[in-house]
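The values are calculated or read from the model by the stated rules, or taken from the named source; none is laboratory data. Quantities reported herein were computed from a predicted structural model and do not represent experimental measurements. Cβ placement follows ideal geometry from the backbone for every residue including glycine, while neighbour counts extend to all protein chains displayed. When the accessible area is computed, the model is the full protein with side chains, heavy atoms only, and any ligands, DNA or RNA have been set aside. Shrake-Rupley method; radii C 1.70, N 1.55, O 1.52, S 1.80 Å.
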Amino acid sequence: MTVDALTDVAGLRVGHATRTGDGWLTGTTVVLAPAGGAIAAVDVRGGGPGTKETDALDPRNLVQKVEAVVLTGGSAYGLDSASGVMAWLEERGRGVRVGLDPAHVVPVVPAACVFDLGRGGDFRARPDAATGRAAVEAADASGPGAPVAEGCVGAGTGATVGRIKGGIGTASAVLDSGITVAALVVANAAGSAVDPQTGVLYGELLLGGRTAYPSAEVHEAARQRLAEAAAKNAPPPLNTTLAVVATDADLTRAQAHKLAGTAHDGIARAVRPVHLLNDGDTVFTLATGARPLSPDNPLALNEILAAGADLVTRAIVRAVRAADPVDGPGGVWPSYEELYGSA
């Protein structure tokens, strides 16, 4: 049974730590790999990234597998959340072994952040090591194949997409080969997910998920509501869309890197414009290696690459549709469902 989430890739677990109220609107999300780790890669295309340990994922470098990936709010300050995840892994002897004692390990925990500073009202309210520990503990406590909460949770708590509320979204697919591909996205973009002429989500236009267009009256009311909300907010700040694309296929590090790169196409289909100087758009890949690529199907890798991009698009759509509106001391961001409903 699948749950249409990143956790459909057997062995992966997802945990969120969410902070709201009293000036907080932020959080951290951890993707926990099976013990022993997973092949990992990354592709950074935004002009303003905030990352940690991404150089370690270069296929030319030493580290082969990672135990966890951290996605976090708090801009560069929030990268401290990875320290809590590292400590949790070290306590369990999980990481790159560096000595004769099995306890002598260095967990390599790649991380990337989104900008959400001050969106809850307090600029200094941001994730730290304790937030990261809470998120990895939540991931560990979740069962195999557990559903993943979407919307304004974890790293998506303070996310925005253009002038509307963003959040966390996830999606998965099982290919004809039996290989599973899945994506989890933190949708927090400087660009817009909504076609300004029709009010339709770009991702739904391209994936064929839209069955009806908003009426002219609904669209005009939404435009007025967005203009009113924007007048109460600070100028558009830095933003970033983050994604983890995972598969149970047995990929080499170079193949995983290619998957991270083509998955950026999924962001470009759902958000316009993308990869700006205001963005830090970053995609991680995790490959657990449970299923070998079929030697009888030379296009098997292409099928995984195409699925990864499509699933990132679908995850962004789900993130935007699952988001709740925010009207607080840090700003006003209507949700897409509030403006347009489910039609």
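How much of the DSSP bridge set in the chain is antiparallel, in percent, rounded to the nearest 5?
85
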Counting only C-alpha contacts under 8 Å and six or more residues apart, can you give the relative contact order of region 1-131 as a whole percent?
30
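Quick one: net charge around A190, please, counting Lys, Arg +1 and Asp, Glu -1 for every other residue with C-beta under 12 Å from its C-beta.
On the way: positive: R163, R272; negative: D279, D281.
With Lys, Arg at +1 and Asp, Glu at -1, the net is 0.
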Residues other than T29 with Cβ under 14 Å of its Cβ, Lys/Arg counted +1 and Asp/Glu -1, net out at -1
Which entry in (1) 21.8; (2) 19.7; (3) 20.6 is this structure's computed Kirkwood radius over Cα pairs in Å?
(2)
Take the alpha-carbon centre of region 130-145, take the same for region 205-275, and report the distance between them in whole Å.
26
Using a Cα-Cα cut-off of under 22 Å, which lysines could be cross-linked to K165, ignoring same-chain neighbours fewer than 8 residues away?
K232
Using the alpha-carbon atoms, what tilt in degrees (0 to 90, nearest 10) does helix 81-91 show relative to the longest principal axis of the chain?
30
Degrees, to the nearest 10: 129-141 long Cα axis against longest axis of the chain
70
Accessible area of V44, 1.4 Å probe, to the nearest 10 Å²?
60
Which of C152, C113 is most accessible, then next, and so on - probe 1.4 Å
C152, C113
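For Cα pairs less than 8 Å apart in space and 6+ apart in sequence, what is the mean separation divided by the residue count of region 6-340, i.e. the relative contact order in percent? Mind dumping the intermediate values first?
Details: 986 pairs, mean separation 82.7, N = 335.
Over region 6-340, the number comes to 25 percent.
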So how exposed is E90, as accessible area in Å² (1.4 Å probe, rounded to 10)?
100
If you rank T241, T54 by how much accessible surface each has, with a 1.4 Å probe, what is the order from largest down?
T54, T241
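If each DSSP helix of 4+ residues adds -39,500 (n - 2.57) and the sum is divided by the residues in the chain, what number results at 222 nm, nearest 500 deg cm²/dmol? Please list the in-between numbers first.
Values: 7 runs with 92 residues, N = 343.
Helices in the chain give a 222 nm mean residue ellipticity of -8500 deg cm²/dmol.
How would M86, M1 line up by accessible area, probe 1.4 Å, largest first? Write down the numbers at each step before the final one.
Values: M86 50, M1 225 Å².
The most accessible residue leads, giving M1, M86.
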Mind checking the full-extension length gain between R92 and D58? Use 0.36 nm per residue of separation minus the Cα-Cα distance, one decimal, nm.
9.7 nm
If I fit a long axis through the Cα atoms of helix 300-322 and take the longest principal axis of the Cα atoms of the chain, what angle between them do I get, 0 to 90°, rounded to 10?
40
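Run through the DSSP bridge list for region 204-343 and note the antiparallel percent, rounded to the nearest 5.
Details: 3 of 10 bridges.
Antiparallel bridges make up about 30 percent of those DSSP assigns within region 204-343.
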Could you report the chain's accessible area per residue, 1.4 Å probe, as an integer in Å²?
40
